[in-house]
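Below you'll find the structure, written out as structure tokens, and then a few comments.
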Amino acid sequence: MPLLNKVRTAVPGGSGGDTATHSLSRLRVALTLFFALDGFLFAGWVVRIPAVKQQTGASAGDLGLALLGVSAGAVITMTLTGRLCRRYGSHAVTVATAVLLSLSVALPALTRSPLALGLVLLVFGAAYGGINVAMNSAAVDLVTALRRPVMPSFHAAFSLGGMIGAGLGGLLAGGLSPTVGLALTAVAGPVLLRHPAPAPAPESLAPAAGAKGGRSGGSRRVVLVFGVIALCTAYGEGALADWGALHLEQDLGAHPGVAAAGYSVFALTMTAGRLSGTAMLERLGQTRTLVLGGATAAAGMLLGALAPSIWATLLGFAITGLGLANIFPVAVARAGAVAGPGGVATASTLGYGGMLLGPPSIGFLADWFSLPVALTTVAALAAGAAAMGYWARNAGASRTS
């Protein structure tokens, strides 16, 4: 097992064992709710992008520029969130950013120009970037305490929340998403605030062999490789979230309801893949999971981007979601096995940066070429992630591959 998972939660048979187990179970449920909430709010914004584009009169390029507000806000916040987590704890930061995200998701619907949209998306992006770094930091602590590779289950909750948000986002009034977000935060937040993050055992803090405390040049390079793998796959998730519906509606003439279902299909298969992620990792190992996932996503996205029919495109989106499902969680775990918590933070930040930079990149490429051609970059990066995953197969503990 990688060092990331080698943690003592309580002394077996000790009097505190039952209490510790119950506490970890409550933390897992609460943290799962926050991952689901994040996906729900993000997807609720995503499916309203065509309507917001129309109300602001934005071109594809204008929309891509406005979406840079999400990227800029998130990147700035991600660089600060690690410090905030160290000072106040990842649980407190998760709750605070969940409140901000719930409130800021209502702002885009109030804008009437691309400039105003970009400004409010700075706030939304700041909240989104902050909660994702804080949640993943909390999840890493919990995964190490549980001593099981359950990270895909948290990301499955994000995908499930995204599927629900995509399905309901077009039906719910803009003011209901903040209400749902604040209500779930009120339910799950006190659990995180009452329970401190599980403390890892001393042996879990030891660096991987040859890593020299996780600070050697070789260790940093390996962490960056896994961070880039996470970036490549998260790029595809962000691109499909923001541009999948527009591709179906504008390029293929799909009904708006069918177009909105495109992200739901993608999120559904991603959720299914992540729910089975622990079993897949135990059966295939991490390297095979990375390579197979990247190759599957590349093939699916080529179909989704270039198919001439709506149903073939939806099938392509479904295959893409299945392929991308477990690559991000595996990349983060491998980075942690090589360099500990610092590696997890680096890979997570790069990964979510890819999710946020993908949409504006697709917008600019769509202006220069076409949206279908722009979407093929998702396939190219997924294939690149598979190649890098194979290249880095011997990085970290040998048993991770």
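The values are calculated or read from the model by the stated rules, or taken from the named source; none is laboratory data. As the structure is a prediction and not an experimental result, all values here were calculated from the model. Reconstructed Cβ throughout: ideal geometry from the backbone, glycine too, with neighbour counts over all protein chains shown. What goes into the accessible areas is simple: the full protein's heavy atoms, side chains included, and nothing from ligands, DNA or RNA. Shrake-Rupley method; radii C 1.70, N 1.55, O 1.52, S 1.80 Å.
Observations on the model:
- One residue from ALA239, ALA234 being under 23 Å from GLY336 (Cβ atoms), in a helix (DSSP H, G or I) and modelled with pLDDT of 85 or more: ALA234
- Single residue of the stretch 21-62 satisfying the filter (open to solvent by 30 Å² or more (accessible area, probe 1.4 Å) and not in a helix (DSSP H, G or I)) that is farthest from ALA116 (Cα to Cα): ARG48
- Selection within the stretch 88-129 - open to solvent by 50 Å² or more (accessible area, probe 1.4 Å) and in a helix (DSSP H, G or I): TYR88, ALA96, VAL99, LEU100, LEU103, LEU110, LEU115, LEU119, LEU122, VAL123
- ALA335, sole failed condition from (1) touching a Lys or Arg at 6+ places or on another chain (Cβ under 9 Å); (2) among the small types (Gly, Ala, Ser); (3) over 14 Å from THR289 (Cα atoms): (1)
- Flag if GLY69 is of a type outside the set (Ser, Thr, Tyr), open to solvent by less than 30 Å² (accessible area, probe 1.4 Å) and at pLDDT 85 or above: yes
- Check on VAL75, of a type in the set (Val, Ile, Thr), over 16 Å from GLU237 (Cα atoms) and either modelled with pLDDT under 85 or buried (at least 17 other Cβ atoms within 10 Å of the Cβ) (or both): yes
- Residue, nearest to LEU371 (Cα to Cα), within the stretch 241-295, restricted to residues that are touching a helix residue (DSSP H, G or I) at 6+ places or on another chain (Cβ under 8 Å) and acidic (Asp, Glu): ASP251
- Filtered residues of the stretch 350-372 (kept if open to solvent by 50 Å² or more (accessible area, probe 1.4 Å) and among the polar types (S, T, N, Q)): none
- Odd one out for ARG274 among (1) in contact (Cβ under 8 Å) with a residue 12 or more places away in the chain; (2) farther than 18 Å from LEU240 by Cβ; (3) not polar (S, T, N, Q): (2)
- Residue within the stretch 293-303 that is within 28 Å of ALA60 (Cβ to Cβ) and within 13 Å of the chain's Cα centre (by Cα) present: no
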